[in-house]
Amino acid sequence: MNESAPDPAVHDATDIHGVVAALRASFDAGSTLPIDARLDALAALRRAVVAERSALERALAEDLAKSPEEAMTTEIGIVLSEIDHMRRHLRSWLRPGRFSVGAALAPGTGRIVREPLGTVLVIAPWNYPLQLALAPVVGALAGGNTVVLKPSEVAPATSAALARLVDRHLDPAWIRVVEGGVEETTALLAERFDLIFYTGNGAVGRIVARAAAEHLTPTVLELGGKSPVFVDEGVDLARVARRIVWGKFTNAGQTCVCPDYLMGTEATLRALVPHLRDAITEMYGPDPRTSRAYGRIVNAKHLERLTGLLEDTEDADAVIGGKDGIVADERYIPPTVLQGVSWDDPVMGEEIFGPILPMLAVDGPAEAVARIRAGEKPLTAYVFTDDDAVRRLFTARTSSGSLAFDLTLAHLGAAGMPFGGVGESGMGAYHGRASLEAFTHAKPVVSKPLVPDTLAVVYPPHTRWKSAIVERLLGG
């Protein structure tokens with residue numbers, strides 16, 4: 001770490017312009033260009049995460065009541081795997097590719113060179129405040145960029161832990177952290193960056209996109225939406241229930257790709273309820289409030305919002321959990337499953353982002369597809385079925401950031417899978433090679449010898465024989 005550089009953790013919005021200028025100067029000096037330097041930066045990040053693991057686990061427990069096991073599975077381990085995957089493949093992914101320049105430019109050559117974008121901004125959310133901060137940083141550093149990282153102030157302990165991690169272990173010529181809230185974020189968005197990577201909700205995503213447009217800055221927006229689940233008739237409901245419960249109630253449902261609502265025929269949903277209850281007991285015990293594996297709502301504001309959704313969905317029946325089990329001073333909402341929900345109920349009017357699972361009866365796969373198509377495109381969709389025709393139907397007739405059959409949540413751990421949204425659920429993708437592509441520009445480089453000068457056929461004056469050659473070359 002460069003001891004002469006300013007502290008990378010910045011708390012004063014007036015310092016932000018200087019931070020961005022310093023990182024841009026560092027990038028312009030070319031220190032991030034060599035592949036070996038990028039690999040070293042990624043190795044330093046890995047060592048930093050390992051060294052600070054205990055502090056990170058404590059911060060995640062303070063912010064979201066995550067157990068060490070959940071912190072490793074859904075946060076720390078994913079970052080380490082992302083670093084390892086990137087370091088393993090970076091040289092081959094950066095190797096220039098070739099393309100044909102066509103007969104008209106023969107004997108020329110064409111190749112694609114991936115170049116860094118420059119100085120980038122990563123704005124992280126609070127629900128996975130470590131993973132969703134550092135996973136994009138992996139792609140940014142691998143791409144040869146300098147980075148401003150803005151952690152979420154809604155998860156203050158993890159924000160402070162990230163600032164300490166960067167300060168203690170990483171080179172401030174490559175990455176700096178800006179902590180703070182709306183004032184600091186506003187100041188950051190007023191600066192010119194070469195890419196803004198934002199993870200969060202659509203309302204703030206629109207603010208980020210408008211600010212980026214002032215500088216024609218490209219954006220990657222990882223948003224969310226109401227990710228549906230459809231359970232077909234004839235599947236093993238006990239196994240299905242375990243996968244739904246794990247995907248829904250991990251991190252107390254505060255996951256952008258967790259199952260938001262559950263569809264099936266009336267008979268299937270009725271038969272599924274006892275299996276859901278058994279799966280909740282199996283994973284979190286008879287009283288999830290006492291389980292170290294069950295998290296908490298991030299703050300009182302979000303607890304109030306979720307409580308309001310339950311209260312406003314008056315005609316629904318909480319067959320599991322419900323508002324009577326809420327303990328406000330502990331930010332605890334029990335795993336809750338609702339029957340009798342209407343498509344017009346408040347709980348269906350927004351992304352739930354909490355441990356509430358509405359069940360809605362449909363006639364079958366066709367109606368489930370129609371319901372999905374009637375809403376905004378979700379970040380992911382989940383289907384449990386043994387029928388290949390149903391798989392083909394959902395693949396062809398629904399649009400979502402990703403589509404997963406017979407599992408929930410776990411597909412995000414596939415290192416080679418590009419993860420991102422479509423439409424309202426976001427734009428752009430990352431993880432693995434997609435991260436490198438997101439944080440670099442694929443620059444075509446074309447070369448043509450001066451001799452022989454075959455371009456002479458297009459130079460004026462245009463004779464009959466030149467025109468005939470051009471027509472033949474261009475397919476006229």
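The values are calculated or read from the model by the stated rules, or taken from the named source; none is laboratory data. Computed from a prediction, not measured in an experiment: that's the story for all the values here. Here the Cβ positions follow ideal geometry from the backbone for every residue, glycine too, while neighbour counts run over all protein chains shown.
Here are the numbers for this structure:
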read-out	value
Selected residue (criterion: farthest from the chain's Cα centre (by Cα)) from residues of the range 349-406 that are outside any loop (DSSP other than H, G, I, E, B) and polar (S, T, N, Q)	395
Where a residue in the range 104-118 is closer than 20 Å to residue 441 by Cβ and its partner, wherever it lies, is hydroxyl-bearing (Ser, Thr, Tyr) and crowded, with 17+ Cβ neighbours inside 10 Å, with Cβ under 9 Å and at least six apart	114/440; 115/440; 116/32; 116/146; 116/440; 117/440; 118/146
Matching residues in the range 146-169 - criterion: being over 24 Å from residue 30 (Cβ atoms) and either touching a strand residue (DSSP E or B) at 6+ places or on another chain (Cβ under 9 Å) or outside the structural domain of residue 41 (by TED's automatic domain parsing) (or both)	150, 151, 152, 159, 160, 162, 163, 164, 165, 167
Residue match in the range 297-319 (condition: of a type in the set (S, T, N, Q), assigned by TED's automatic domain parsing to the domain that holds residue 237, at pLDDT 95 or above and touching a Leu at 6+ places or on another chain (Cβ under 8 Å))	no
Subset tally (residues that are within 26 Å of the chain's Cα centre (by Cα) and over 25 Å from residue 285 (Cα atoms)) for the range 305-345	2
Residue 177 being in a strand (DSSP E or B), touching a Lys or Arg at 6+ places or on another chain (Cβ under 7 Å) and not acidic (Asp, Glu)	no
Test: residue 217 is more than 22 Å from residue 440 (Cα to Cα), under 21 Å from the mean Cα position of the chain (by Cα) and not in a strand (DSSP E or B)	no
Cross-chain or 6+ apart pairs with Cβ under 9 Å, the range 403-418 first and surrounded by 15 or more Cβ atoms within 10 Å (Cβ to Cβ), then outside any loop (DSSP other than H, G, I, E, B) and acidic (Asp, Glu)	415/82; 415/84; 418/437
Residue among 147, 138, 79, 113 that is over 22 Å from residue 412 (Cα atoms), modelled with pLDDT of 95 or more and touching a helix residue (DSSP H, G or I) at 6+ places or on another chain (Cβ under 6 Å)	147
Residue identified as in contact with a helix residue (DSSP H, G or I) (Cβ under 7 Å, 6 or more places away or on another chain) and assigned to a loop (DSSP other than H, G, I, E, B) among 191, 183	191
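Quick grid of which residues meet (1) touching a strand residue (DSSP E or B) at 6+ places or on another chain (Cβ under 6 Å); (2) assigned to a helix (DSSP H, G or I):
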position: 207; (1), (2): no, yes
position: 229; (1), (2): yes, no
position: 242; (1), (2): no, yes
position: 246; (1), (2): no, yes
position: 262; (1), (2): yes, no
position: 272; (1), (2): no, yes
position: 289; (1), (2): yes, yes
position: 294; (1), (2): no, no
position: 297; (1), (2): no, no
